[in-house]
Every structure is written in C-alpha cells, then in structure tokens.
Amino acid sequence: MLLPAIALTFLSCNANREEGQESFCLEASGRQLSFALDSRTKNETQALFLHTDEEGREYVTFQNMGRNEILFYDVRTQALAFKIAPPVEGRNGVGIMDGYYIKNMDSIFLTVAGRNELVLIDREAVVKDVFPCYETGDGTALERTASLSFLSHPLVAVGDMLFLLPECNRFSEKNPVCAAVSLSDRSVRAFPAFPYPSFPGQDNRMKKASAENYVSRCFDGKRFAYSFYYDEDIRVAPLNHESVTKIKAKSRYISRVEIPDDYGDATLEDLCTMPRYGNMLYDPYREVYYRIAYPRTTLDEEVRPLDIMRYGGKNFSLIILDREFNVAGETLFPDYTYNSTIMFVREDGLYISESHSYNPAFSDDVLSFRCFELKKNKH
C-alpha cells in the first residue's frame, strides 16, 4: 500500500534554520511495514510497542482494540507470529485490559480498566502476581495508571522499580504526576516535588480532571520528559523527580494553545481542531526527541470529528529536539494521511502509521507504517 506521490513529495526538508543551530527535518523514505489483519483485528489501537525477545527477534506488539489480546507481529516477515490473550474472568482472569508493558516474555505487566493494579502474567497468560497501586507508603491516594501509546505514558522499568503516571484527581490536595512501585518489596512511592500543574480557566472541581490529564512522557535512560498537551513548555526531571525544569518547546505553527471549556461545552469538533501539543517520543539511535504539535485547523464538511480523534487528527507536525532539548527543526505532515497516535522508533528511522481513515489508500485489513529519516535541512 503506497502513498500517493504528492504526499511523499510534500515531506521534503523545509524546516527553518534556527539561529546558531543546525536545522533538521523528517523525510519520508521508500521503506514501509505492512501488517495484514484478520476480520477480528482493528487497525486502531491505544497500546502499541516494539519488543525484541531473548533471541533477538523483533516484534511490533499491540492490543487488539476492545479485546484482551496482545498481538505479536514479526517485523522480518510482517506476519502475525502469535498472540497472548488473558481471560477477563476465572482462575487467571485479569479484568479488562487497558494497556501493558513487556519487561520480558515471562514478565508482562497489564494495566486494567477500573482498577489501580498491575497484573503480572507470563507468555502463557498465567497470572503470576498482582501489585496494588492505590496509595503510597505515606498514605497519598493515587488514581489509576494505564500503560498506553495513544496518550503516551507507558510503564518504565529502572532496576526493580516500575515508574507509573497516575491520572490527576482535582479533589485531592496531593496530585503527583509520577509514582513508582518496587517489584522486590511491593512498596509504592510518589514524587511530591512534581505535582500536576493547573491551567487557566480549569476550575471546575465537579470533574476529577480535564486538561491536566492530557500528558505524555518518555524516558531517555536518565531523564523523564513530559509533554502536557495544553502547555508549550515541556518538563524534564531526573529519576528522583526532586527537580523539574521547564523548557520551551514551541511549534512554529502554534501561536498559542487554546484550552477546552472546562464545563463540558466544547464539542468534539472543537477538541480536534483547537491548537495543542501531543505525545513525545525519544529516539535513542539519533539522540533526539520528537514532540507532536497540532496546529489550528478546520474539518471538511463530510469528515466526522470522532473519526478524526480516533486516528490522531487531521494533521500535525513533529518538533525535533536535540539532546539538550533545543528545537532543531520541525516537519509538518499533510492532511488526512498519517495517524499521529501510532508511531515507534527503530534503528533505521521513525515509523508513523499511514492507516488513517481518511487516507485515500486506507484499508481496514492492514496496519501500515511509513519510515521517516532524520535529515539535515536543505538550505
């Protein structure tokens, strides 16, 4: 499934050069991954992650939307290799899956809808343990966490610690953005030096959360970087989160973000056309970060806002940040072509899903990705 030539041509290196910096952009390559789906499998997902097993086999894994299934597609053959399907109920029942993290094939942690617990299963979907995460050792209540890529905040393992991103609860005086559970002694701790920020106009405490909950997180091996959707600044923290640094990471396509109405009057069309930011990913092969930005846009008359929200938006840009979080370039992607909520990094580049429901080449029988290469800007 090849994209129209006009879409690939559009993605040439045309980022403006930043003063005193070398400017970079993302350029579409001819490489593509295309995974055939059966009639039970959707090509949209809220949890998709790469995994390399103990023998070096590389898989694209994702949760089948609405099902308790993690599908493993072999990257080399682009075919379904196997699936892990834990039951909802019964002796090994895990509840309704809402994300996962694969530490290894016999340590797969599930996050579960309606429960603030981590369920540990093995490759046979046998439940090995359950780690409650309802509160910390000092009694701080925590909201549930979900290990997702759609709103990107997967669990992060460092030593015997699993770092979580609990949801925000406005009713609570203590709202830590980050918490961690020890796999050795089962203790849970939070990091009070980094509470959820508040946003102008977000004062409706009849809701547990609103704009605050839209946050993405990535980890570069030493530092966590957080992208709040309604703030042009990112926040960077070390493992202990004792100090949190705000850094400008502004898109050239957004003059200012617009925050949705806090009392629920914003329509679906408002939510998917207002300027805002999005997920943040770290690329360890090129030592850069990618931050999504969604410029102000309008929808064509025949386009359904719900479809646009499910497939990542009408369009978006990717801000390229260097190792010190300086803006080193930005690439704007064409309308109705790529799904910004499904992307991953490999050694040869950044793969972005081209399975967007309004892409002319769209097929619901395929989950397809285009590889983009980081290039120096042509001046």
Could you go through segment 348-361 in sequence order and give the Karplus-derived ³J(HN,Hα) for each residue, using 6.51 cos²θ - 1.76 cosθ + 1.60 with θ = phi - 60°, rounded to whole Hz, and x for Gly and Pro? 8, x, 9, 9, 10, 5, 9, 8, 9, 4, 9, 6, x, 8
Give me the percent of the accessible area of the chain that comes from carbon and sulfur atoms, probe 1.4 Å, all protein chains in place. 49 percent
If you count, for each residue, the other Cβ atoms within 10 Å and average over each peptide, how do 320-329, 234-243 line up from highest to lowest? 320-329, 234-243
Please list 102-109, 291-298 highest first by mean number of surrounding beta-carbon atoms within 10 Å per residue. 291-298, 102-109
Using Cα positions and a limit of under 28 Å, work out the lysines in reach of K42, with same-chain residues fewer than 8 apart set aside. K83, K103, K314
Taking the dipole of the chain about the Cα centre (Lys, Arg +1; Asp, Glu -1; charges at Cβ), the one of A293, M343, V327 that reaches farthest to the positive side is V327
Would you pull out the residues with amide H under 5 Å of A328's amide H, same chain only if 5 or more places away, H placed 1.01 Å from N? I320, L321, D322
Label-point gap, in nm, between R296 and D364 - each point 7 angstrom along Cα→Cβ: 3.5 nm
If you place +1 on the Cβ of every Lys and Arg, -1 on the Cβ of every Asp and Glu, and leave all else neutral, what size is the dipole of the chain about its Cα centre, to the nearest 20 Debye? 340 debye
Starting from the Kirkwood radius over alpha-carbon pairs of segment 199-261, derive D by Stokes-Einstein at 4 °C in a medium of 1.567 mPa s and give it in µm² s⁻¹. 98 µm²/s
Under 20 Å by backbone N from the virtual spin label 7 Å along Cα-to-Cβ at R40, the residues of segment 55-80 are 60-74, 79-80
Highest mean first, how do 25-34, 146-155 rank when packing is the count of other Cβ atoms within 10 Å averaged over residues? 146-155, 25-34
Which one, Y226, Y285, Y277, has the greatest fluctuation when you compute a Gaussian network model over the chain with C-alpha springs under 10 angstrom? Y285
Vicinal HN-Hα couplings computed from phi for segment 214-225 (Karplus, 6.51 cos²θ - 1.76 cosθ + 1.60; Hz; Gly/Pro x): 8, 9, 10, 9, 9, 9, 9, x, 10, 10, 9, 10
Report P(r) for segment 33-134: all Cα-Cα distances, bin width 5 Å, range 0 to the bin holding the largest distance, values in whole percent. 2, 13, 25, 25, 19, 11, 5, 1, 0
Using the heavy atoms of the protein chains alone and a 1.4 angstrom probe, what is the accessible area of segment 208-281 per residue in square angstrom? 42 Å²
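The values are calculated or read from the model by the stated rules, or taken from the named source; none is laboratory data. Nothing here was measured: the structure is a model prediction, and the numbers come from that model. Ideal geometry is used to build each Cβ from the backbone, glycine not excepted, and the neighbour counts take in all protein chains shown. Ligands, DNA and RNA are stripped out before the accessible areas are found, and what is left, the full protein with its side chains, is counted by its heavy atoms. Shrake-Rupley method; radii C 1.70, N 1.55, O 1.52, S 1.80 Å.
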